[in-house]
Amino acid sequence: MTSYAWQKSSYCPQGEACLHAAATADGNIALTESDDPTGSIVTTTPARFRALLDSVRAGGPFTYDEIEVLPGPDGVVRLRDVDGGAVVTTSRANWGAFARGARDGEFDHLVRIRPRQFHEAAGTEDWRVLGEGACAYFRTGSFAAGVRFVQAIGERVGEGPDIDLRAEGVTVRLITLTAEYYGMTERHVTLAREISAVAHELGLTADPSAVQTVQVTVDALAIEKVTPFWRALLGYEERAGSVEDLVDPQGRGAPFYFQEMDAARPQRNRVHVDVWVPYDRAQARIAAAIAAGGTLVTDEHAPGHWVLADPEGNEACVGTTGG
């Protein structure tokens, strides 16, 4: 099969023969049957794949609006993208295994989503998407209560979230970081709902105003010459193959972003801090910074980010993710 990170349903029988799905480098979804001698691959958009998953969960008919699923009299099932024409042939048993996995959400992580899609999903009110994914802070009041909460999360959702346990509360972060992709998927919506449900069962409340992400931005004339130094100094790694982004492999230190300049700007600081805050807290944070002696340099990029400066002209940005 093509060298994608193929995944099959956990309900597939032992062996490789089954319907497989994978995310492509450009964010589309590929489907293939490992036992199909033609090696055919159907490639479709995330929206169409999401429609397919939704139809399967709803117990819909075998023919969908965007992807045709056609049962044949010979005991096989053929999948065809209505635009592409490629056909993947699988067995009824393997299609059934795929459908059962789809109902359990096993393929949700393949569907990439934007921050706005996450916020628009029902059941995500406790969460805010920042520069490092969807984050939520739950006040626990004690370390022991936080431990119980974290244990309950582990029992409910298993692997997936990044968790920071402190004496007064727990911060949970949802993000996918692979060699090909850094961002959010449909799976994170499901995880957010389940984690919020656990919190509510334990009588915990979320405080969306308590989450933020801090990023260090370095202006550079030649990024390819500058980043190796910082990568070695910090012990960081490139983020999803991006030469402009370095991240802590342990998930603790602030990420570094390298912003390429066309020419040197000697009157401006070459290193500045970006503070990512919830979209509904940006104005309050900016007002607080100005009240503390800062000035607004420009809001031409708002609501993506605002540039501020301290009393001596050192710049910083307040950013949000809403797109």
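The values are calculated or read from the model by the stated rules, or taken from the named source; none is laboratory data. Just so you know, these numbers come straight off a predicted model, no measurement behind them. Positions of Cβ are generated from backbone atoms using ideal geometry, with glycine treated the same way; all protein chains shown enter the neighbour counts. Side chains are part of the model used for accessible areas, which takes the heavy atoms of the whole protein and leaves out ligands, DNA and RNA. Shrake-Rupley method; radii C 1.70, N 1.55, O 1.52, S 1.80 Å.
Annotations for the structure displayed:
- Here the sum of -39500 (n - 2.57) over DSSP H runs of 4 or more residues, divided by the residues of the chain, equals -8000 deg cm²/dmol at 222 nm, to the nearest 500.
- DSSP beta bridges confined to the chain are antiparallel in about 85 percent of cases.
- Inter-site label distance for residue 180 and residue 254 at 7 Å from Cα along Cβ, in nm: 3.3
- Think of each Lys and Arg Cβ as +1 and each Asp and Glu Cβ as -1; about the Cα centre, that makes the dipole of segment 168-323 roughly 160 debye.
- Placing pseudo-labels 7 Å out from each Cα toward the beta carbon at residue 68 and residue 35 gives an inter-label distance of 2.4 nm.
- FRET E, pair residue 225, residue 3, Förster distance 30 Å, beta-carbon r, rounded to 0.05: 0.45
- Charge tally for residue 209 (other residues, Cβ to Cβ under 14 Å; Lys, Arg +1; Asp, Glu -1): 0.
- Centre-to-centre, using Cα atoms only, segment 249-323 and segment 89-108 are separated by 46 Å.
- Taking amide H as placed 1.01 Å from N in the peptide plane, residue 5 has its amide H under 5 Å from the amide H of 23, each at least 5 places away in sequence or on another chain.
- Taking other residues whose beta carbon is less than 13 angstrom from the beta carbon of residue 176, and scoring Lys, Arg as +1 and Asp, Glu as -1, yields -2.
- For segment 129-183, the solvent-accessible area of protein heavy atoms averages 48 Å² per residue (probe radius 1.4 Å; ligands and nucleic acids excluded).
- GNM top mover of 143, 107, 98 - the chain, alpha-carbon springs below 10 Å: 143
- Surface composition of segment 60-179: carbon and sulfur make up 49 percent of the accessible area, probe 1.4 Å.
- For the chain, the dipole from Cβ point charges (+1 on Lys and Arg, -1 on Asp and Glu) about the Cα centre works out to 520 debye, to the nearest 20.
- Comparing 272, 109, 301 in a Gaussian network model of the chain where C-alpha atoms under 10 Å apart are linked, the largest mean-square fluctuation is found at 301.
- Charge-dipole axis of segment 1-53 as Lys and Arg at +1 and Asp and Glu at -1 on Cβ define it, positive-most pick from 34, 13, 45: 45
- Cβ-Cβ FRET estimate between residue 143 and residue 280, R0 fixed at 41 Å, reported to 0.05: 0.90
- Förster radius 56 Å - calculated FRET efficiency between residue 264 and residue 201, Cβ distance, rounded to 0.05: 0.50
- By the rule of a second cysteine Cβ within less than 4.7 angstrom, the chain holds isolated cysteines at 135, 317.
- Fluctuation leader among 101, 141, 27 - the chain, Gaussian network, Cα springs under 10 angstrom: 141
- Summed side-chain charge close to residue 279 - residues other than residue 279 whose Cβ falls under 10 Å, Lys, Arg +1, Asp, Glu -1: +2
- Reported label for calculated P(r) over Cα pairs in 10 Å bins from 0, in percent given (i) 5, 24, 31, 25, 12, 3, 0, 0; (ii) 6, 26, 34, 24, 9, 1; (iii) 5, 22, 26, 23, 16, 6, 1, 0: (iii)
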